[in-house]
Amino acid sequence: MANATASAPRIDLKQSLVDTVLAGLVALIVFGPIVGIVLDGYSFNLQPVRLAWMVGAVMAGRLVLSLFLQTAAGSRVLDRFEGSDSGIQVLPPGYKTRLRWIIPLLVVAAVALPFFANKYLLTVVILGLIYVLLGLGLNIVVGLAGLLDLGYVAFYAIGAYGLALGYQYLGLGFWTVLPLAAITAAMAGALLGFPVLRMHGDYLAIVTLGFGEIIRLVLNNWLSFTGGPNGMQVPAPTIFGLEFGRRAKEGGTPIHEFLGIDYNQNLKFIFIYAVLFLVVLLVLYVKHRLTRMPVGRAWEALREDEIACRSLGLNHVLVKLSAFMLGASTAGLAGVFFASYQGFVNPSSFTFFESALILAIVVLGGMGSTLGVVIAAFVLTVTPELLRSFADYRVLLFGMLMVLMMIWRPRGLIRINRRGFAKRKGVAP
Amino acid sequence: MDGIFLQQMINGLTLGSVYGLIAIGYTMVYGIIGMINFAHGEVYMVSAYLSAIGLALLAFFGLHSFPLLILGTLIFTILVTGVYGWVIERIAYKPLRNSTRLAPLISAIGMSLILQNYVQLAQGPRQQGVPTLLEGAFKLHIGDGWVQLTYTKLFILLASFAGMAVLTYVIQYTKLGRMCRATQQDRKMASILGINTDRVISYVFVIGAAMAALAGVLITMNYGTFDFYAGFIIGIKAFTAAVLGGIGSLPGAMLGGLILGVAEAQFSGMVNTDYKDVFAFGLLVTILIFRPQGLLGRPQVSKV
């Protein structure tokens, strides 16, 4: 179609009008009953104005689209759609991106933040960083290894409830649980992933989807152990035994007395922010190194062509499992931060919507792109804070974002690229 | 054999036949384009709303006899849901026919989020319901308890078996069915032989949606209430049924649905109702470990 219109860029108005009328009819059938007739008990109310607006919007959109695609500019847009074989872009050796100043700038901004931020800004940034962590973890699983994990939030819940349950039943604190949560989440990932990863990739999606829901159901139903829907208290973090409260609990010292400064209720958040920031940097570094190591290469190779990899002797189960476990442990870490940031946990923080949000971050940021994920995490978590009036439409927008991104740019807004290797001297080309 | 067992058997068979109807949508789409249509559960949810709207409309126009009411609702729901199936395929999957493997899956997740939120925004977040259409039951005295088969449940069993019979006839004996089967076996070869495979794929989505619509009407009749979130867990269970029977196999989907329904009902009757979803999911993982090709499916061989 694109080629035919490109050779003869004449606008067929009649065809466009037919398209428009057909689209309007379909829109009327689809939206008519659900939008136009609102159930009210066993009877209904008619909402014709709303329906007319939606059908009108669909028809106008179809007309504009149909006319635009027939112009020269439109066929150029059609041609630019990515096909299946546009994979990773290889840059010339020694290529330096123009955006390289952005990383030191971000680090400086991040270090400077606690000195001027108020409590609200700090909490928003902490939430953003938690989602950066989640996005980075899921990016390893979905972006690099090409495994669709729809129950990612389960590992996040394991981390968060790990802190709450560990404190209540075993008396563990923030610092002990932090590594433990990562290990527990990774183990859960291994238990779930090992049987499923042997099979066709799509099964993993539905099994993880179920797993996420099961974890939430168990947390919700097991009243005696997890407190059910009421949730559990989470202790405030401490550093070297120093506490962040105004008054210390039995025998402890509050940190502001120890340092000899005035009490500041932001101190707890500054502490969480600092540790979280260090952990994010660590995860970024680990991911950066891993993608250049054999295991990282194997993830991406498996994503692109599993049969070729298995023919070359890669153990596909172990390679996938390593990505799955690494992603799970990152979510476990994020869960611990989330729990201590919130001060309590309950199952409603771990619904399928969270998994979808994290997936939207990865999809928007670009599968496998680190900087893209960091930006997307902040955009998708901070924007809803600013646009509260659109809160009802959030899920709708995420859904549209996913569908449109898959049609327009399945590999994300920021292209994954990689520097090529320079040829060594004395090697035949 | 005691009363509870028999009662749960009846409940399970009714529930299972409806799971089977939804599982058909998963299994046919998977068979033909090798993709899990995550939005299928939401299609069922939309059809539940449509059936309530259809009932309300018909009642408003003064129709009160049960056969006419249920027939009108069925036709209305199946037609509109079929259009939904077609539109979903056209928007979310058709542009991705030659894309990366992950793209249609993510697009399907996006589509199911869109449908869920769209219905929630349009119809409001509260639970909706329909009045009881068929009163009464067959009662059987066993031991010291009653076993009852309500007329609604009997109707559900009959209607879902009729739906499956019609589908089997269409797939086995009509031209459309031959085209579907040919496309499922080898899409490239089928298109060389003059079958418009893109259109066949659209038909498959419409058939799947129509079956989900039948299920939507039946479940709504039985339970009476539903909300915009209803498609999620039923979707997972119907998929479990499809995997249990062997994904890609039509009789497998029906058998898998019945087995899952009965197993779930017996589990909630004998062990615990809170964890019946956990049980269904555990069953899914167990099947995937020990018999990934399901009961009636053939083992999958991946080819270049």
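The values are calculated or read from the model by the stated rules, or taken from the named source; none is laboratory data. No experiment lies behind these values; they were computed from the predicted model shown. All Cβ positions, even for glycine, are placed from backbone atoms using ideal geometry, and neighbour counts span all protein chains on display.
Annotations for the structure displayed:
- Considering segment A:324-418, the qualifying helices (runs of 4 or more DSSP H), each wholly inside and each with 3 or more residues that are more than 9 Å from chain B (Cβ to nearest Cβ) and either closer than 29 Å to A:ALA164 by Cα or more than 15 Å from the chain's Cα centre (by Cα) (or both), run over A:352-365, A:370-386.
- Only listed residue being closer than 25 Å to A:PRO410 by Cβ and in contact (Cβ under 8 Å) with a residue 60 or more places away in the chain, chosen from A:VAL177, A:VAL125, A:VAL132, A:VAL196: A:VAL132
- Within segment B:72-109, the set of residues being surrounded by 22 or more Cβ atoms within 10 Å (Cβ to Cβ) and of a type in the set (Phe, Trp, Tyr) comprises B:TYR84, B:TYR93.
- Checked against the criterion of being over 24 Å from A:ALA182 (Cβ atoms), without any contact (Cβ under 8 Å) to a residue 40 or more places away in the chain and not in a loop (DSSP other than H, G, I, E, B), segment A:285-296 has no qualifying residue.
- Filter result for A:ALA72 (modelled with pLDDT of 85 or more and more than 8 Å from every other protein chain (Cβ to nearest Cβ)): no
- Residue match in segment A:199-207 (condition: in contact (Cβ under 8 Å) with a residue 60 or more places away in the chain and buried (at least 24 other Cβ atoms within 10 Å of the Cβ)): no
- Of note, B:ILE106 satisfies the criterion of being more than 23 Å from A:ALA23 (Cβ to Cβ) and either modelled with pLDDT under 85 or within 8 Å of chain A (Cβ to nearest Cβ) (or both).
Conditions tested, residue by residue: (1) surrounded by 14 or more Cβ atoms within 10 Å (Cβ to Cβ); (2) at pLDDT below 85; (3) within 14 Å of another protein chain (Cβ to nearest Cβ); (4) outside any loop (DSSP other than H, G, I, E, B).
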{"site": "B:MET111", "(1), (2), (3), (4)": "yes, no, yes, yes"}
{"site": "B:THR132", "(1), (2), (3), (4)": "no, yes, yes, no"}
{"site": "B:GLY163", "(1), (2), (3), (4)": "yes, no, no, yes"}
{"site": "B:THR168", "(1), (2), (3), (4)": "yes, no, no, yes"}
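- Looking only at residues of segment B:2-45 that are touching a residue at least 40 places away in the same chain (Cβ under 8 Å) and part of a loop (DSSP other than H, G, I, E, B), we find that the one that is surrounded by the most Cβ atoms within 10 Å (Cβ to Cβ) is B:ALA39.
- Meets criteria (more than 19 Å from B:LEU115 (Cα to Cα), without any contact (Cβ under 8 Å) to a residue 60 or more places away in the chain and within 14 Å of chain B (Cβ to nearest Cβ)) for A:ARG62: yes
- A:SER66 vs. criteria assigned to a helix (DSSP H, G or I), touching a helix residue (DSSP H, G or I) at 6+ places or on another chain (Cβ under 8 Å) and modelled with pLDDT under 75: no
- Total residues in segment A:34-49, condition over 14 Å from B:GLY124 (Cα atoms) and facing chain B (nearest Cβ under 8 Å): 2
- Count - residues of segment B:197-232 that are at pLDDT below 90, in contact with a Gly (Cβ under 8 Å, 6 or more places away or on another chain) and surrounded by fewer than 24 Cβ atoms within 10 Å (Cβ to Cβ): 4
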